[in-house]
Every structure is written in structure tokens, then in C-alpha cells.
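Q: The structure that follows is given in the form of C-alpha cells.
The values are calculated or read from the model by the stated rules, or taken from the named source; none is laboratory data. Because the structure is a prediction, the values reported are computed rather than measured. Reconstructed Cβ throughout: ideal geometry from the backbone, glycine too, with neighbour counts over all protein chains shown. Ligands, DNA and RNA are excluded from the accessible area calculation, which covers all protein heavy atoms including side chains. Shrake-Rupley method; radii C 1.70, N 1.55, O 1.52, S 1.80 Å.
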Amino acid sequence: EEEAAQKAFCDKGLKEANEKKDAATTAIEKLNVKIEQGLAKSTKLKEEVTVLQGELAKLMSAQQQMDAMRKKENAIFVEANAELQKGLKGIQTALKVLRDYYAAGDGAQGAGGGIISLLEVCESDISKELAEITAAEEDAQSTYDAETKENAIMKAAKDKDVEYKLKEIASLEKAGTEHDADLSAVQEELD
């Protein structure tokens, strides 16, 4: 009877030990899977962050090139506009002087009329060119503003994406450290 009681006690102890061993083995397997999944996801996120940072660098480089090109275009416009304005003002002054002179009635209307007509054509041509370069400048500025705004929106979105991915990587690494500690504790208990 005493031996039967001892055997029952041993069988119960062995059963509990085997259950604990099985539970620890299962826990280790689950923790290993979690660690591997976390590492895989973290690695993938790091690759995505690298790609996003590369895209951000290209975007900023393209924006800097656009800024430089826009600055050059504007400088050319400012110079051409000033020259055309000066030329237009000179022609308008010449027309006024000639009209006043021939309006005084010296009788040389024929010769003066031809010169005035020629100057009026020049005035019209310069005014037309001035309007064209002004319209082109406004279009270029409008396009530049739209692209700059679009780039700013893309940059903000990519910056946020990088920020969230970095936070997730940090979270995964923290969880991985916790899983490693748990794994060590369970492995120690199993050993």
C-alpha cells in the first residue's frame, strides 16, 4: 500500500513535470516564432524606410533644381521686362514729340505720318511682346507654385510614413527584447 501510494505520488509528479515541460517547449516555440516574425517585419520596415528616405532625397533635389531654374527664368523675365518697358516708354515719348511737332502745322505731315506709323507699329509689337512674356512668366510661376505645393504635400506624407515606420520598428525591437527575456526565462525553467 505504501509503495502504491509512493508510485501514485511519483506518477502524479512525473505527469506534472511532463506537462510543465510540454508547456515550456510550446512557449519556447511560440516565442521563437514571435521573435522571427518581429525580426522579419522590422527588417522589411527598415528597407521601406530606406526607400522612402531615398525618395525624399530625390524629391528635395528635384525641388532645389526647380527653385534654381525658376529663379533664373524670373531673372530673365525681370531683365527683358525692364528693357521692353524702357523701349516702350522711349517710343511713346518719341510719338508724343512727333505728334506735337506735326500738330503745330509746319505742313510736313506726309513725311511725319510715315515715321509716326512706323513708330506705332513698333509700339504695338513691343506691347504685344511685353504681354506675351508677362503671360509666360505668370504661367511659369503658376506651374512652379502648383508643383512646389504638390512636392510639399508628398514630402509631408513621406515624412509621416517614415516617422510611423520608425515608431513601429522601435516597438518591434522593444517587443523582441521582451520576447528574448521571456525566452531566456522559459528556457532556464525548462533546463
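Q: With angles folded into 0 to 90 degrees, how steeply does helix 2-103 sit against the dominant principal axis of the chain? Use alpha carbons for both and round to 10.
A: 0
Q: Here's another thing I want to ask about it. Give me the distance in nm between label points sitting 7 Å out from Cα along the Cα-to-Cβ direction at ALA23 and LYS86, one decimal.
A: For the pair ALA23/LYS86, the computed spacing is 9.4 nm.
Q: Roughly how many Å² is the accessible area per residue of the chain, as a whole number, for a 1.4 Å probe?
A: Averaged over the residues of the chain, the accessible area is 72 Å².
Q: How much length, in nm to one decimal, is gained on full extension between ALA140 and ALA57, taken as 0.36 nm per residue of separation minus their Cα-Cα distance?
A: 27.5 nm
Q: Could you check the simple spin-label distance between ASN32 and LYS149, using points 7 Å along Cα→Cβ, in nm with one decimal?
A: In this crude spin-label approximation the distance works out to 5.8 nm.
Q: For LYS149, give me every one of the lysines with a C-alpha distance below 29 angstrom, ignoring sequence neighbours fewer than eight places off in its own chain.
A: LYS46, LYS58, LYS71, LYS72, LYS158, LYS160, LYS165, LYS167
Q: Pop out the carbon and sulfur fraction of the accessible area of the chain as a percent, whole number, probe 1.4 Å.
A: Carbon and sulfur atoms account for 58 percent of the accessible area of the chain.
Q: Pop out the ³J(HN,Hα) list for the range 141-154 in order, Karplus 6.51 cos²θ - 1.76 cosθ + 1.60 with θ = phi - 60°, rounded to Hz; leave Gly and Pro as x.
A: 5, 5, 4, 4, 4, 5, 5, 5, 5, 4, 5, 5, 5, 4
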